[in-house]
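The values are calculated or read from the model by the stated rules, or taken from the named source; none is laboratory data. It should be emphasised that the depicted structure is a prediction, and the values quoted were computed from it without experimental measurement. Ideal geometry is used to build each Cβ from the backbone, glycine not excepted, and the neighbour counts take in all protein chains shown.
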Amino acid sequence: MDKGVVLDANGEERTVHTFGGTVADVLEAAGIEPAPEDVVAPSPDTPVSDGDHVLIRSPRDLTVELDGHELSHSVIAADLGEALHQIGLDPESVELSASQGTAIPDEGLAVSAERAPRMVVMYDTVRTETRTTGTTVADVLDAAGVALGEHDVVTPEPDEAAEADMVVGVLPVLTAPVTEEVVIEAETEERDDPDLPQGEREVVTEPEDGLREVTTATVLRDGEEVEHRLSEEIVTEPVDGLVKVGTEAEEEAGTPPAGGGAAGGLDWGALAECESGGDPTAVNSAGGYYGLYQFSTASWQSVGGTGLPSEAGAGEQTQRAQQLYDAVGGNWQSQWPHCGARLFD
């Protein structure tokens, strides 16, 4: 029976028809007599059937200038890609002056090649060195023969650019990741307020807890199975609380009453705003003047004040200021020469 057999003779394919039953019959029908150094596959005495393939390769000279060193080889290959494998060069690990599909003619072929950059892949503790002309981390992993698990963590990420001498780390994830919600506890700040009575508490802002999602899994680290946090994401930020705590000093028994008459009817708030910005704890940057009305220690003590004026409550400071006004007979210029006119706003 007539058989159609595909014959690949040094890279050139054609279909040869023969009534013979062996590879030798196919070669005879094609008019080819192999030289002793030629390679025929399968061997000439192998039976053939319709649709089979027969390959014949003749030796060719291949010269490779690799990183400046010239290497000469005799190869049984139809193209450059086949030849590189025969001489022990991975086509993906070198940059070639010709494509891998370049045919090797009867007279031979000369090409130049440069080794691709070296990279390292660390699969947990297993180190693999490789070379590749690939442009991404994924190409480096392919060149190293590393097959990633579904959840394995790669650093840098697979789509990032590959660089010479880079180290790619793979953290093997052994179990399916689990995501849990974790409460972020809000904090509460307590802030002293000299305008509130001693010990009184005023809630300004109620604390609100936040929420984060944490994803964990069992991984292989240093050869041991351990629990590892893969990622976390803030779902809602916590809102910290604020509580004001009163620190206004209680008036001591026997403290003289607030000044009355003309002093009691003046605009002490305007004077305080001008002198200290309304801050009972204000201290003059040059030193020596304190509190709402910028008392000197001498003027404060002259109306019965103790300690520093800035440590007394706002009410006591106003009381002492009115006493001082009365004590100097309304001569406000002697005490508040720059802001005293504000008493009459």
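Picking from residues in region 173-193 that are more than 22 Å from residue 240 (Cβ to Cβ) and in contact with a Ser or Thr (Cβ under 8 Å, 6 or more places away or on another chain), the one that is surrounded by the fewest Cβ atoms within 10 Å (Cβ to Cβ) is 180.
Of all residues in region 84-95, those that are on the phi < 0 side of the Ramachandran plot have Cβ atoms under 7 Å from Cβ atoms of residues that are outside any helix (DSSP H, G or I) and of a type in the set (S, T, N, Q), 6 or more apart or on another chain, in 91/100; 92/132; 92/133; 93/132; 95/133. Residue-level analysis places residue 277 outside the set of residues that are surrounded by 15 or more Cβ atoms within 10 Å (Cβ to Cβ) and modelled with pLDDT of 90 or more. For region 206-217, the tally of residues that are crowded, with 16+ Cβ neighbours inside 10 Å and over 13 Å from residue 185 (Cα atoms) stands at 2.
To keep it simple, each residue is scored yes or no on (1) free of Cβ contacts under 8 Å to residues at least 24 places away in the same chain; (2) closer than 18 Å to residue 264 by Cα; (3) surrounded by 19 or more Cβ atoms within 10 Å (Cβ to Cβ).
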| site | (1), (2), (3) |
| --- | --- |
| 296 | yes, no, no |
| 301 | yes, no, no |
| 307 | yes, no, no |
| 310 | no, no, yes |
| 315 | no, yes, no |
| 319 | no, yes, yes |
| 328 | yes, yes, no |
| 341 | yes, yes, no |
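Within region 64-75, the only residue that satisfies the criterion of being touching a residue at least 24 places away in the same chain (Cβ under 8 Å) and either in the same structural domain as residue 18 (by TED's automatic domain parsing) or more than 48 Å from the chain's Cα centre (by Cα) (or both) is 75. Quick check: is even one residue across region 176-192 within 30 Å of residue 127 (Cα to Cα), hydrophobic (A, V, I, L, M, F, W, C) and in a strand (DSSP E or B)? Scanning region 176-192, I find at least one residue that is within 30 Å of residue 127 (Cα to Cα), hydrophobic (A, V, I, L, M, F, W, C) and in a strand (DSSP E or B), so the answer is yes. With a cut-off of at least 1 residues that are surrounded by 15 or more Cβ atoms within 10 Å (Cβ to Cβ) and at pLDDT 90 or above, name the strands (runs of 3 or more DSSP E) lying wholly within region 1-109. Filter on region 1-109 gives 3-9, 12-18, 39-41, 53-57, 60-66, 69-75.
Of the candidates 150, 200, 233, the single residue that is among the acidic types (Asp, Glu), out of contact with any helix residue (DSSP H, G or I) (no Cβ under 6 Å at 6 or more places or on another chain) and surrounded by 11 or more Cβ atoms within 10 Å (Cβ to Cβ) is 200. Contact annotation: residue pairs with Cβ atoms under 7 Å, 6 or more positions apart or on different chains, pairing a residue in region 146-170 that is in contact (Cβ under 8 Å) with a residue 24 or more places away in the chain and more than 19 Å from residue 217 (Cα to Cα) with a partner that is exposed (fewer than 14 other Cβ atoms within 10 Å of the Cβ) and not small (Gly, Ala, Ser), are 161/135; 162/135; 164/118; 165/118. Starting from region 278-292, take each residue that is on the phi < 0 side of the Ramachandran plot and without any contact (Cβ under 8 Å) to a residue 60 or more places away in the chain and list its partners that are part of a loop (DSSP other than H, G, I, E, B) and acidic (Asp, Glu), counting only C-beta distances under 8 angstrom and pairs at least six apart or across chains. Correct list of pairs: 292/279.
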